[in-house]
Amino acid sequence: MKVFLSSDMEGTAGVVDWAQCVGDGPEAAAGRRLLLAEVNAAIEGALAGGATEIVVNDSHSTMRNLPADALAGGASYISGSHKPLYMMQGLDGSFDAVMFVSYHGSVGAPAGLSHTYNPRAVIEARLGGVVTGEAGINALVAAHYGVPVVLVTGDRCACEETAALLRVLIYKMDNTTFGDNIPTVPLWMGPPHTLVEVQAILYASLAASLLSSLLAMLGKQWLNRYSSSNVRGTAIERSQNRQHKLDGMTGWYFEHVMEALPLMLQIALLLLGCALSRYLWEIDITVASVVLGVTSFGAVFYLFIIVAGAAHTFLTGDVVSTVAQLHLDRVRVLSTATAILSNIVSNVPAVLVLKPFVAQLPDQRTAWLTLAMASPLAGNFTILGSVANLIVVERARQAHVAIGFWTYFRLGAPVTVITIAIGAMWLHN
């Protein structure tokens, strides 16, 4: 059995300061002796487990920390910092196992000597949305060659970060072996979900902006074409030509196109605010909440304008009379209509839409109590029904608890139906 061993230094038991792992001073010499002891312990364990050939890649700093003649078991030794595969130099598909010895936590991890390669260049590394360090990244090199990682030794952070990525792992932390309760590998190993979501929203915002620009240029061309006076002929012929242009603009819904421009720009700004809020949520929840609040206020304000305009335009006396035939005076009918409408346009705009109909009902007190009961409870139906739902889901995700749309829906839908039904029965009695 052929084993590849990559040795770092900051995760060595007893190494707690940079002076012990950098330079050639007495503390660094003592640190290297501690490292040698750990490397030899791993080598002896591999030999006891059936290894017949061991290659040690010195992977710390200048990568010349171990005396080759002091390595146990006649292990081969790779030193020097000029290595194309860096900490994994020498690995290929001929090996049967990989061991990481004296590894440390990633940059920002709560360990004394945490970093990821170059702390001046790398502020965080993630694989499948999981924060990882050098051990996790080096494990990808091992996976490329199809060689399993069978051992990781180092500080607590290095062990936990690597365990979050490897399905089967034996790791040593403070001279203790752990084999239970190891997290499973994330099913998604592509870019972080946050990055995908933010980019998708930004692309949608860009698409809305480009569409509004295209419509604006198209409208300008139509107006220039309409106002051009390069047609010769009699006054009647010129008038007919101008009427022909106007008919063409009407046929292409020019008025509606121009009316759509502000809407497209509003949508683009709304999406930009959502993308910015989603990105900032990973960095500073307080700042993200402020941005989300401003964006939500703008969206709701604009929605109020649309709903109020639609209500003024379309809710005529005939419409009100027709809707009155749906028996909104019955609590269960009004509560159902309120719940459905609240999940379509949000609860406050739903109340604005229903206000003219409620004003025609005989029992005003019961009707308004029904609206007050059903509209907020309707927000529990789906994740998107309330901003509070989104905040809870995001906080749960940060605690490594995934609450998907359908997971929430399986609980939120029946809870909403049951609570509204109880409220309706209470008001009916």
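The values are calculated or read from the model by the stated rules, or taken from the named source; none is laboratory data. If you're wondering where the values come from, they're calculated on a predicted model, not measured in any experiment. Heads up, the Cβs are rebuilt from the backbone with ideal geometry, glycines too, and the neighbour counts pull from every protein chain shown.
The number of residues in the range 3-35 that are in a loop (DSSP other than H, G, I, E, B), under 22 Å from S76 (Cβ atoms) and of a type outside the set (S, T, Y) comes to 2. Residues of the range 373-395 include at least one that is out of contact with any Asp or Glu (no Cβ under 8 Å at 6 or more places or on another chain), farther than 30 Å from S277 by Cα and either of a type in the set (S, T, N, Q) or free of Cβ contacts under 8 Å to residues at least 60 places away in the same chain (or both). Of L202, L218, L211, all but one fail to be surrounded by 13 or more Cβ atoms within 10 Å (Cβ to Cβ), at pLDDT 70 or above and closer than 30 Å to V131 by Cα; the exception is L202. Apart from one condition, D17 fits all of (1) surrounded by 14 or more Cβ atoms within 10 Å (Cβ to Cβ); (2) at pLDDT below 95; (3) under 36 Å from the mean Cα position of the chain (by Cα); the exception is (1).
(1) among the aliphatic types (A, V, I, L, M); (2) outside any loop (DSSP other than H, G, I, E, B); (3) surrounded by fewer than 17 Cβ atoms within 10 Å (Cβ to Cβ): which one isn't true of A142, the others all being true? Failing condition for A142: (3).
Looking at this structure, is S386 polar (S, T, N, Q) and more than 27 Å from the chain's Cα centre (by Cα)? So S386 does not fit the description; no. Being in the same structural domain as S61 (by TED's automatic domain parsing), more than 30 Å from A19 (Cβ to Cβ), in contact (Cβ under 8 Å) with a residue 40 or more places away in the chain and touching a strand residue (DSSP E or B) at 6+ places or on another chain (Cβ under 9 Å) is a property that F95 has. Per the listing A121, A97, A111, the residue uniquely under 35 Å from the mean Cα position of the chain (by Cα) and over 20 Å from T153 (Cα atoms) is A121. What are the residues in the range 271-287 that are polar (S, T, N, Q) and in contact (Cβ under 8 Å) with a residue 12 or more places away in the chain, if any? The one that is polar (S, T, N, Q) and in contact (Cβ under 8 Å) with a residue 12 or more places away in the chain: S277. Would you confirm whether any residue within the range 60-80 is touching a residue at least 60 places away in the same chain (Cβ under 8 Å) and either assigned by TED's automatic domain parsing to the domain that holds A402 or crowded, with 21+ Cβ neighbours inside 10 Å (or both)? Checking the range 60-80: at least one residue is touching a residue at least 60 places away in the same chain (Cβ under 8 Å) and either assigned by TED's automatic domain parsing to the domain that holds A402 or crowded, with 21+ Cβ neighbours inside 10 Å (or both). Of all the residues in the range 114-135, those that are crowded, with 19+ Cβ neighbours inside 10 Å and at pLDDT below 90 number 3.
On the given criteria, is V107 closer than 23 Å to I43 by Cβ and at pLDDT 85 or above? So V107 fails the test.
Residue check: A288 meets all listed conditions (1) at pLDDT 70 or above; (2) more than 23 Å from L384 (Cα to Cα) but one, namely (2).
Among the residues that make up the range 408-424, is at least one of them aromatic (F, W, Y) and either more than 16 Å from A337 (Cβ to Cβ) or touching a Pro at 6+ places or on another chain (Cβ under 6 Å) (or both)? Yes: one or more hits.
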